[in-house]
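See below for the structure under consideration.
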Amino acid sequence: MIRVQPRYDPEDTYARLFRKAVGSQWSADDVDWEAPLGLPPRQAVALTRVLSPVYLGEQSAMYGACAVLPQLAAAGETSAQLYIASFLLDEARHFEILTQLYQRLDHHPVALREVPEMLRYHHRLRQGDRIDWIWGILISDLFARQFYQAFAKVQPAALFGRVSARVLIDESRHQAFSHTYLKHVVPNLPPERRQGLRAMRDDLLQTMGAIHRRLRDDTEALGLDGAVFLGELAAQIEAHARSIGLDQDTDDGGDGAGHGGDAGRAHADWARLISGKREQSKASGGVAWPAGSVAASGEPRAQRRRRFAFDLHGLAQSCRACAVALLCRARVAQSAARA
Ligand SMILES: [Fe+2]
Ligand SMILES: [Fe+2]
């Protein structure tokens, strides 16, 4: 029900995030579209293909925000409602900028018939209520952040690296909201609701694994190790899940599952799934970064690899109990063997 003057605290976290978002707006007109691409033709095409799930994700986020905003209003969560309005504008901006990027690259994203799991991911995000969606969008934002971060670090002077650096500022705000909101509500959810959120996490991760397998040739053309990428993402999601109290049933022994229970088995299945059929990615010996890119500017190959790879050893140490840690350690061993 709409109210003339809903309850609103301008000092709460969501209100402050909303004002921060209002003060941080920018547009496609602020992007230097004449910046070098820094990618030879095959890698430029690979980027347009690997970027496709992120591109659809920007639109999916807009759809979801539209659906969730009236739910927040109905619950009297006015400051969260205002924040989501700014989130909607952020995602609209990302969509517009990526659309212009596709025009600059003169190539289309992959079609849904080629990677139908993108649609499955979108529909999974739309199941449930606002809490489900905020958890799903946190997972999606972590994925997007990691993707953009890879390019912002490796190609800071190139067009997509510059765009990525700007988008990352928005994504950190999105992550702050979702994490804070969930940390407030998740501990008060009944066990079956928390189990539903864990099931959603596993569904989304498995779908990401399926998307990765469809696009593996392109990620390898870019020199990205998709399995390592997803392994790091899973570890980040795991850390957030613990911090917001989602895994307290398993960690505290509430349902006796622990990491050896259903959640643990789901992660073990997923770790096998993303490790894929190929024992070792071609990425380590893949296509070199192009002339003119930062990665190709005289930096030794082994050093480039270290910059693009993630701190798997640290991850393995920080989440030693979960199945993803086993995967990280396996990758650490592989990296050591390749070095
Ligand atoms: Fe976005
Ligand atoms: Fe986002």
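If you stretched the chain out fully between Ala85 and Arg126, how much longer would it get, using 0.36 nm times the residue separation minus the C-alpha to C-alpha distance?
Values: separation 41, 0.36 × 41 = 14.76 nm, distance 1.78 nm.
Length difference between fully extended and current span is 13.0 nm.
For the stretch 1-137, the dipole from Cβ point charges (+1 on Lys and Arg, -1 on Asp and Glu) about the Cα centre works out to 360 debye, to the nearest 20. Relative to a virtual label point 7 Å from the Cα of Arg16 in the Cα→beta-carbon direction, which members of the stretch 56-79 show backbone nitrogen distances below 20 Å? Label zone hits: 77-79.
Spin-label pair Ala199-Gln5: with each label point 7 Å from Cα along the Cα-Cβ axis, the two points sit 4.5 nm from one another. Scalar couplings 3J(HN,Hα) for the stretch 197-205, obtained by applying the Karplus form with A = 6.51, B = -1.76, C = 1.60 to θ = phi - 60°, are 5, 5, 5, 5, 4, 5, 4, 5, 5 Hz; x denotes Gly and Pro. Looking only at the stretch 160-193, which residues have a backbone nitrogen under 20 Å from a spot 7 Å from the Cα of Arg242 in the C-beta direction? Within reach of a label on Arg242: 176, 179-188. Under a 5 Å amide H cut-off, with hydrogens placed 1.01 Å from N, Leu112 pairs with nothing among residues at least 5 apart or on other chains.
Among 148-156, 229-237, how do they line up from the highest to the lowest mean number of other beta-carbon atoms within 10 Å?
Working: 148-156: 19.9, 229-237: 23.0.
Top to bottom by mean Cβ count within 10 Å: 229-237, 148-156.
Think of a 1.4 Å ball rolled over the protein heavy atoms: the stretch 74-183 then has 37 Å² of accessible area per residue.
How much of the accessible area of the stretch 27-140, probe 1.4 Å, is carbon plus sulfur, in whole percent? Show your work: numbers first, answer last.
On the way: 2690 of 4680 Å².
Heavy-atom surface of the stretch 27-140 belonging to carbon and sulfur, 1.4 Å probe: 57 percent.
If you place +1 on the Cβ of every Lys and Arg and -1 on the Cβ of every Asp and Glu, how big does the dipole about the Cα centre of the stretch 86-189 come out, in debye to the nearest 20? Before the final figure, lay out the partial values.
On the way: 13 positive and 11 negative charges, 33 e Å.
Its charge dipole is roughly 160 debye.
When you count the other C-beta atoms within 10 angstrom of each residue and take the mean per peptide, 180-191, 90-101, 62-73 line up highest first as 90-101, 62-73, 180-191. Just the protein heavy atoms count here, and of the accessible area of the stretch 144-247 at 1.4 Å, carbon and sulfur take up 53 percent.
Sorted on the mean count of surrounding Cβ atoms within 10 Å across their residues, most packed first, peptides 116-122, 29-35 read 116-122, 29-35.
The values are calculated or read from the model by the stated rules, or taken from the named source; none is laboratory data. Note that the structure is a prediction, hence the values are computed from the model and not measured. Cβ: placed from backbone, ideal geometry, glycine included. Neighbour counts: every protein chain shown. Side chains are part of the model used for accessible areas, which takes the heavy atoms of the whole protein and leaves out ligands, DNA and RNA. Shrake-Rupley method; radii C 1.70, N 1.55, O 1.52, S 1.80 Å.
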